[in-house]
Amino acid sequence: MPSGPPALPRRPAAPRAWHDRWLAFFHANFYEGMLRELFPDRYTTEAAGTGAVSEAATTYVRRHFLIFEAEMARTPAAAVLSGDSPSALDLYLWMLCFWIDAGWLSANCPNLSGHWQRMRMWVLAIAGLVRLLGLLDGLFVLSRALSSARWTPLLLLAFTALASRVFRWE
């Protein structure tokens, strides 16, 4: 097996082509490698061979992360991932990063690790918004419990004022 990442192919001109190429790359290479790492007994008939299968899979997965890290290093961060809104590739990478050792990721793939941290914040914000919407639904339930629709606008106004302070809405 060659040491280090191989030379990268030329980048497609269209952003969508770039996105789709890397989405397919991770689906075909990383995901399959992680299956071998997590379930080595499925890839050998000898119980004694599971350690070697898992170790080879870890090396394989890390090599593919290094390939993408090289791509991220040669591309301005704003042009790579998470433009105006996260893409399927952003979310897929976010999920895949949970499966790899975080210490190795931050030491060897700082760009990808930084993206993972940004995506974690984005997902936490979305989770907060979902929770916020749940509270909003709770306000409607509360207003019905008060048996008076006239309370709803007042409750919504109070909730909006609170939410604007929490989320710094303009």
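Do we have Tyr60 as at pLDDT below 85 and either in a helix (DSSP H, G or I) or within 17 Å of the chain's Cα centre (by Cα) (or both) here? So Tyr60 fails the test. Taken over the range 43-65, residues that are open to solvent by less than 50 Å² (accessible area, probe 1.4 Å), hydrophobic (A, V, I, L, M, F, W, C) and without any contact (Cβ under 8 Å) to a residue 12 or more places away in the chain amount to 0. Output yes when any residue across the range 106-122 is open to solvent by 50 Å² or more (accessible area, probe 1.4 Å), hydrophobic (A, V, I, L, M, F, W, C) and at pLDDT below 85, and no when none is. Within the range 106-122, one or more residues are open to solvent by 50 Å² or more (accessible area, probe 1.4 Å), hydrophobic (A, V, I, L, M, F, W, C) and at pLDDT below 85. For the range 66-84, the criterion of being open to solvent by 40 Å² or more (accessible area, probe 1.4 Å) and at pLDDT 90 or above is met by at least one residue. A count restricted to the range 52-66 and to residues that are over 17 Å from Phe25 (Cα atoms) and touching a Phe, Trp or Tyr at 6+ places or on another chain (Cβ under 8 Å) stands at 1.
Starting from residues that are of a type in the set (Lys, Arg) and part of a helix (DSSP H, G or I), keep the ones in the range 1-44 and report whichever is modelled with the lowest pLDDT. Reasoning before the result, please.
Initially, the range 1-44 is screened for residues of a type in the set (Lys, Arg), giving 10-11, 16, 21, 36, 42.
Checking which are part of a helix (DSSP H, G or I) leaves us with 16, 21, 36, 42.
On the way: Arg16: 77, Arg21: 86, Arg36: 92, Arg42: 92.
Taking the candidates together, the pick is Arg16.
The values are calculated or read from the model by the stated rules, or taken from the named source; none is laboratory data. Predicted model, so just to flag it, every value in this text is computed and none were measured. With ideal geometry, Cβ positions are generated from the backbone for all residues, glycine too; neighbour counts draw on all protein chains shown. All accessible areas refer to the heavy atoms of the entire protein, side chains included, with ligands and DNA or RNA removed. Shrake-Rupley method; radii C 1.70, N 1.55, O 1.52, S 1.80 Å.
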